[in-house]
Amino acid sequence: MAKGVRIVITLECTECRSNTDKRSPGVSRYTTQKNRRNTSSRLELKKFCPHCNKHTIHKETK
Ligand SMILES: [Zn+2]
């Protein structure tokens with residue numbers, strides 16, 4: 001039994017966080033799961049950000 005391997009993480013838009021003078025407030029966040037055994041480093045995924053209105057890199061937050 002693989003307990004504690006799949007953990008819930010939050011992905012946050014990197015452009016929302018770096019671009020402070022964008023029009024719409026807020027940061028795009030996605031909740032997902034990862035396999036800690038396969039992905040020990042921080043996860044990065046390209047997701048659509050409704051605030052940036054385009055696909056951006058979303059990084060795992062901690
Ligand atoms: Zn964004």
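The values are calculated or read from the model by the stated rules, or taken from the named source; none is laboratory data. Not measured: the values here are computed from a predicted model. A quick note on method: Cβ atoms are made from the backbone with ideal geometry, for glycine too, and the neighbour counts reach across all protein chains shown. Only protein heavy atoms, including side chains, enter the accessible area calculation; ligands, DNA and RNA are left aside. Shrake-Rupley method; radii C 1.70, N 1.55, O 1.52, S 1.80 Å.
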Residue that is modelled with the highest pLDDT, among those in the stretch 7-62 that are open to solvent by 100 Å² or more (accessible area, probe 1.4 Å) and within 9 Å of the ligand (Cβ to nearest atom): N53
Close pairs from the stretch 27-51: first closer than 20 Å to E15 by Cα, partner more than 16 Å from the ligand (Cβ to nearest atom) and modelled with pLDDT of 90 or more, Cβ under 7 Å, at least 6 apart: T31/V8; T32/I9; L43/I9; L43/K34
